[in-house]
Amino acid sequence: MPERPERAEGELAEQPVARAPRRGRGVLFVAGAAVLGVIAGTCAGYLVQADREPTELPPLSQPVMDRAEGEGPEPLSAAQDRKVRTDGDLRRLLLKKPAGAKKAEWLEGADGWMTMADYSGDFTEPNDKFGALVNDEFRRAAVVGWEVGSSYNVEIRLVQFRQHNSMAAGDSSNNHQTWAEEQPDADSWAIKGTGDGMAYVHTRPDTEPGYEPMYRAEAHAWRGDVAMEIWVYGGKQVPKKMIMDLAERQMERL
């Protein structure tokens, strides 16, 4: 910080404050007359209004509208009403394991549901994710997975939120997409018919000491209160056709 320069010899410590000029008596007289004029005008207005007949107020009741004739529209069928479908057994909306594929070992003994603890446990900061899911009004999650020979592992999740206070399903999908797009090795494509759904293929494998390199692909989209997640892992790069086909067929079921 530069040093403050010393005062020159004879410089005053404080500058004198300029005083405001005194206001003339004529100004006070004009102001007083203006105030009296306002008071007199107000009094005259009250006197005029007091001599007038009271004005009738409009009636509070409104004219009765004729009821429409005919029957109302037919209710949506269960196939058309998305809310009815997603309020049922969410596991029924998951893609089925393909013929010839083996059920994923990590899902052995599971009934197709993931608890909030199970779901948050797959994140790098499980405790933070658990708290975020509470705020996001996590409702439930359904999961299915299978192994395609010795080449690929597939896992599909449908995560449902109550959405009383926010569009948590869309937020969840967008968060996953943001993370995927930050990876320098990710090729991406829009998922047809989803609005903002995206699929990603990572061209560089994940490496960790003691493990074989692992390639990854993922897809994220949402519809209503349900977020879709698809994860594919393999010893070789996941084909675009594979992740796109899974994503499009799964979203069709929603």
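Quick notes on this one:
- Charge tally in the Cβ shell below 11 Å around residue 174, where Lys, Arg are +1 and Asp, Glu are -1, residue 174 excluded: -3
- Under a model in which nothing but the beta-carbon of Lys, Arg (+1) and Asp, Glu (-1) is charged, the range 124-254 shows a dipole of about 480 debye around its Cα centre.
- Simple spin-label estimate for residue 179 and residue 108 in nanometres, 7 Å along Cα-Cβ: 2.7 nm
- Farthest positive-ward along the range 100-254 dipole, Cα basis, beta-carbon charges - from 133, 227, 254: 254
- Subset of 97/240; 129/236; 192/240; 96/129 violating a 22 Å alpha-carbon distance limit: 129/236; 96/129
- Options 178, 237, 205, ranked by Cα towards positive dipole end of the range 172-254, top entry (Cβ charges): 237
- Residues in the range 239-244 carry Karplus couplings, in order, of x, 4, 4, 5, 5, 5 Hz; the curve used is 6.51 cos²θ - 1.76 cosθ + 1.60 with θ = phi - 60°, and Gly or Pro positions show x.
- Modelled this way, with points 7 Å down the Cα-to-C-beta line, the labels at residue 253 and residue 167 are 2.5 nm from one another.
- For the range 245-254, 3J(HN,Hα) per residue [Karplus equation, 6.51 cos²θ - 1.76 cosθ + 1.60, θ = phi - 60°, Hz, x = Gly/Pro]: 5, 4, 5, 5, 5, 5, 5, 4, 6, 8
- Summed residue charge, Cβ within 12 Å of residue 120's Cβ, Lys/Arg positive, Asp/Glu negative: -4
- For the range 97-135, the list of chymotrypsin sites (Phe, Trp or Tyr not before Pro) that fall in a loop by DSSP and count at most 11 other C-beta atoms within 10 angstrom is empty.
- For the range 118-177, the Cβ-based charge dipole about the Cα centre amounts to some 240 debye (Lys, Arg positive; Asp, Glu negative; other atoms uncharged).
- Solvent-accessible surface of the range 128-175, taken per residue with a 1.4 Å probe and all protein chains present: 44 Å².
- 3J(HN,Hα) along the range 134-150: 4, 5, 7, 6, 4, 9, 6, 9, 10, 9, 9, x, 8, 10, 9, x, 10 Hz, from the Karplus curve 6.51 cos²θ - 1.76 cosθ + 1.60 with θ = phi - 60°, whole Hz, x for Gly and Pro.
The values are calculated or read from the model by the stated rules, or taken from the named source; none is laboratory data. Every value quoted in this text rests on a predicted model; they were computed, and no experiment measured them. No Cβ is skipped: glycine too gets one built from the backbone with ideal geometry, and neighbour counts run over all protein chains shown. Areas reflect the complete protein model, heavy atoms only, side chains present, ligands, DNA and RNA absent. Shrake-Rupley method; radii C 1.70, N 1.55, O 1.52, S 1.80 Å.
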